[in-house]
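Coordinate-derived values only; no laboratory data. Predicted, not measured: the structure shown is a model, and the values here were computed from it. FYI the Cβ positions are ideal-geometry reconstructions off the backbone, even for glycines, and counts take in every protein chain you see.
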Amino acid sequence: MNKIYPVVTAITNRFSIPASQKGVFLMLGAAFFFALTSAISKWIGKEFHIVQLVFFRNIVGVIFILSSIRRRPFEQKGGGKLGLLIFRGVIGTLSLYLLFYSIQTLGLGRASTYQYTYPIFLALFSWLLLGETLNMKEWSAIFVGFLGILLVFRPDLSLSWRENLLGLGSSLLTAVSYLAIRQLGWVYDSRAIILSFMLSGILLPIISMLVGTYYPIEELDFLIGTFKWPQTAMQWFAFLALGLTALMGQKMLTQSFTYDKAGRVAAVGYSNILFASILGFLMDEAIPSLSMLIGMALIVTGGILVSFAKSKKAEDISLAQD
């Protein structure tokens with residue numbers, strides 16, 4: 001996996017792409033691989049429960065993270081926050097549960113759109129829970145984003161309120177998870193934070209599958225399920241690809257922020273919605289309605305505005321400190 005980034009760097013150098021644009025290309029790559037992960041989960045999720053998908057996705061990731069730690073041990077930055085580290089892992093795993101479930105019930109386009117409302121909720125939670133101040137541009141971005149959510153959320157005859165709420169729940173949990181990462185980043189090596197998420201993503205599905213085997217509850221099908229061994233080489237390949245594409249996306253995402261302003265790179269990340277919608281169409285999903293397309297556009301606009309506002313605020317703080 002460590003060979004992925006040098007390959008991308010060699011390609012961008014070959015075509016004389018400026019450093020700032022490398023960040024854009026890396027984020028485009030990350031968005032594509034994340035969309036591909038979602039598409040694989042939709043395909044294999046027709047035969048296996050979503051908790052099993054989460055389990056295999058993280059098994060693959062842990063192998064690569066542990067190999068990285070073996071080569072270069074953790075670098076502890078300060079006093080431990082073990083409780084918060086565990087909390088981040090659990091919340092992140094539950095968010096992944098809801099994302100994979102939403103992909104099955106809502107489709108790739110709508111599920112990805114809901115997922116990318118997290119910057120809007122992140123800004124709102126930062127104000128509510130951490131006391132961060134929001135300027136008029138940020139409040140306007142939040143308002144625009146919520147208008148978009150209302151248009152996308154509007155259930156039709158085939159989609160229940162429950163399914164839409166669970167789809168939106170994935171974004172809410174992602175925002176809470178990112179709040180925890182902000183605090184943990186000052187203390188832990190980034191690989192320790194990722195590892196806590198992946199270990200939780202192995203342990204929680206095991207619990208979910210044990211409960212689902214002996215105490216099945218239909219109303220909690222987004223939390224509990226059963227385990228089934230893959231029977232064909234194609235199924236094993238799909239589970240491997242599920243983990244590898246997620247790792248590729250995460251690698252490119254991390255590297256993209258080293259080349260350009262966070263706001264601009266984050267804005268490019270919204271191309272994930274486009275990639276997911278195209279893949280959904282190729283997998284015979286219905287074309288989004290006009291109201292949903294408008295809602296998508298408003299959510300993207302709100303998220304981009306929040307990303308740029310947060311990036312500008314961080315730059316202003318940095319200049320003030322200098």
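Phi angles across segment 45-60 convert, under the Karplus curve 6.51 cos²θ - 1.76 cosθ + 1.60 with θ = phi - 60°, into 3J(HN,Hα) values of x, 6, 10, 10, 5, 4, 5, 6, 5, 4, 4, 5, 4, 7, 4, 5 Hz, Gly and Pro given as x. Karplus-based coupling profile of segment 289-300, in residue order and whole Hz: 5, 4, 5, 5, 4, 5, x, 4, 4, 5, 5, 4, with θ = phi - 60° in 6.51 cos²θ - 1.76 cosθ + 1.60 and x standing for Gly or Pro. Note on T133 and T232: the model spin-label points, each 7 Å out from Cα along the C-beta direction, lie 6.1 nm apart. Extension gain for the segment R182 to E219, taken as residue separation times 0.36 nm less the Cα-Cα distance, is 9.9 nm to one decimal. Computed over segment 25-177, the range of Cα coordinates on each principal axis works out to 51, 46, 34 Å, biggest value leading.
Annotation: extensible slack from L210 through I69 equals 47.7 nm (criterion: 0.36 nm per residue apart, minus Cα-Cα distance).
Summarising the amide proton neighbourhood of T226: residues at separation of 5 or more, or on other chains, whose placed amide H is nearer than 5 Å comprise H49. When each of the peptides 86-98, 288-300 is scored by the mean number of other C-beta atoms lying within 10 Å of its residues, the order from highest to lowest reads 86-98, 288-300.
Proximity of backbone amide H atoms, modeled 1.01 Å from N, is registered between D189 and E75, K77 at under 5 Å, excluding neighbours fewer than 5 places apart on the same chain.
Sites listed here are chymotrypsin sites (Phe, Trp or Tyr not before Pro) in segment 202-281 whose DSSP assignment is loop and whose Cβ has at most 15 other Cβ atoms within 10 Å: F257.
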